[in-house]
């Protein structure tokens, strides 16, 4: 996955926060996500994070995206039916051994790759 600091209407153009990631295939955005360096479980900022991700997803013309939290909670999906968008939440347990953390990152990379290769652009 190529990490890009830019995203605007599915094309390079506008800066995103440095923790944001976008994957591009043949000049077309195929994945957007954002990493959060805090616990997901019970975070008062979680709703704002979902709105931020929704803006990235709609702006890119994709059907979904992913938030990745440093810890807490479990994998979730939020479907915004009227917009036909799915917002995914993943967490990484950073309290484990380096080997265990790398295994989690591998699993996450596989999920991101599957999302990226299956997303139809809506723009």
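The values are calculated or read from the model by the stated rules, or taken from the named source; none is laboratory data. This structure is a prediction, so every number in the text was calculated from the model and none was measured. Quick reminder, even Gly has a Cβ in these numbers, built from the backbone with ideal geometry, and neighbours come from all protein chains shown.
Counting the residues of segment 81-102 that are within 19 Å of residue 116 (Cα to Cα) and in contact with a strand residue (DSSP E or B) (Cβ under 8 Å, 6 or more places away or on another chain) gives 7. Beta carbons closer than 8 Å, at least 6 apart along the sequence or on distinct chains, never pair a first residue in segment 69-88 that is free of Cβ contacts under 8 Å to residues at least 60 places away in the same chain and at positive phi with a second that is outside any loop (DSSP other than H, G, I, E, B) and surrounded by fewer than 12 Cβ atoms within 10 Å (Cβ to Cβ).
Within segment 23-53, the set of residues being crowded, with 18+ Cβ neighbours inside 10 Å and either over 24 Å from residue 94 (Cβ atoms) or at pLDDT below 80 (or both) comprises 24, 29, 30. Residues in segment 54-74 that are crowded, with 21+ Cβ neighbours inside 10 Å and either more than 13 Å from the chain's Cα centre (by Cα) or outside any strand (DSSP E or B) (or both): 56, 57, 60, 62.
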